[in-house]
Amino acid sequence: MDDLLQDLIAYAIEKKASDIHFVMQNQKLQIKLRTQNDMLDVYQDIWQPAFFEYLKFISRMDLTSPYVPQSGQFKILLHNHEIFCRFSMLNNHNVQTGVIRMLNTMHAIELKALSLWKEDTNYFNSLVPLRQGLVISVGPTNSGKTTTLHALLHEIAKTKKHKVVSLEDPIEIEDDSYLQLQINESMGFTYDVGIEQLLRHDPDIICIGETRNSYTAKMVLRASLTGHFVFTSIHAKDGKECIRRLEDLGVSKKDLASVCTAIISQRLYSKGDSKVCVYEIMDQKTLQYVLEHGRYPKEFKTLSKKITEGIKKGYIVDAQAKYDSLSLSG
């Protein structure tokens, strides 16, 4: 079974997948990989239902309670690199589903390599010396939010002038230049508990991996208001939708205007063997305008405009980009 697991993880990494999805029904195991652009079917007769049970076992799930939603974790050694995996499982009637999220398979990149647009790179560099405020990274799953945040944190940590701490679930990019803490809900170390503990350890720069609920949103705001420079991410379509989501989570426009330095929306596209990230950067001046008028300034480069520009310049060849440009402009 160990060999089968190593083969599956190696295949998923080769296909640049972030997650492995399982569906077990009628004693048949179906497997799919979540890649950058779509779900990839794995047509196979190698991994059998017993393999699904093995995943539960190594994840230390309670096998006596098969109908209770559970999650666990395990690690494997692949090519002398330790890969941590989180496995979650649901059982509904005659269908069992599971997902493996592979951690520590991503590599950090330098700040200057984030964007092909020089104005984006200049803006990212302008954030490095700041010591107070709030930067929000916005986008759907697999849009590169984690990579962007880590590149910014790494550049700040390189100065060795301030204490940088991140709270993540999971830690996808390991970086020894600053302190990374991983959420462990089974041990009671949730985002809510972690944020409260972080604020007692005298950090200067804080990264809250994801703002998921009202409590986290309010604690992110509190940390920003008390003199910290805070980074976080949120799932939203673009900057305007991010503002609406934060309002739904209890953050007022007034408070957002007083602390928010930037809302950075993004999409990630394939170009051959490389990736191209497109950014919509809403700085403080633009944010103030959007909060007052409910729309972007005419001259502002929205995500839709940047994607269209990237296609014209030849930065992007991904067919998905054309669809996104149209849908975002609508």
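Residue ranges 275-283, 121-129, 59-67 sort as 275-283, 121-129, 59-67 when ordered by packing (mean number of other C-beta atoms within 10 Å per residue, highest first). Between helix 214-225 and the chain there is an angle of about 40 degrees, using the helix long axis and the longest principal axis of the Cα atoms.
The overall shape of region 105-162, judged from the alpha-carbon gyration tensor, is rounded, with an a/c ratio under 1.5.
Counting Lys and Arg as +1 and Asp and Glu as -1 over every other residue whose Cβ lies under 9 Å from the Cβ of residue 85, the net charge comes to +3. About its Cα centre, the chain has a charge dipole of approximately 1140 debye under the convention of +1 per Lys or Arg Cβ and -1 per Asp or Glu Cβ, with nothing else charged. Determine the shape class of region 53-168: with a ≥ b ≥ c the square roots of the Cα gyration tensor eigenvalues, call it rounded for a/c under 1.5, and otherwise prolate if a/b is greater than b/c, oblate otherwise. In terms of gyration-tensor shape, prolate.
Can you give the local net charge around residue 156? Use residues other than it whose beta-carbon is closer than 12 angstrom to its beta-carbon, Lys and Arg +1, Asp and Glu -1.
So the surrounding residues net to +2.
Using a/c under 1.5 as the rounded threshold, could you call region 135-274 rounded, prolate or oblate? The axes a ≥ b ≥ c are square roots of the C-alpha gyration tensor eigenvalues, and prolate needs a/b larger than b/c, oblate otherwise. In terms of gyration-tensor shape, rounded. Taking a straight line from the alpha carbon of residue 75, these lysines sit under 19 Å away, with near neighbours fewer than eight places off in the same chain left out: 16, 56.
Which lysines have a Cα less than 30 Å from the Cα of residue 253, not counting those fewer than 8 places away in the same chain? Qualifying lysines at Cα under 30 Å: 145, 163, 218, 237, 240, 285, 298, 301, 305, 306.
Every number in this text was worked out from the coordinates using simple rules, so none of it is lab data. What you see is a predicted model; the values in this text were computed from it and never measured. Every residue, glycine as well, gets a Cβ built from its backbone with ideal geometry; the counts of neighbours run over all protein chains shown.
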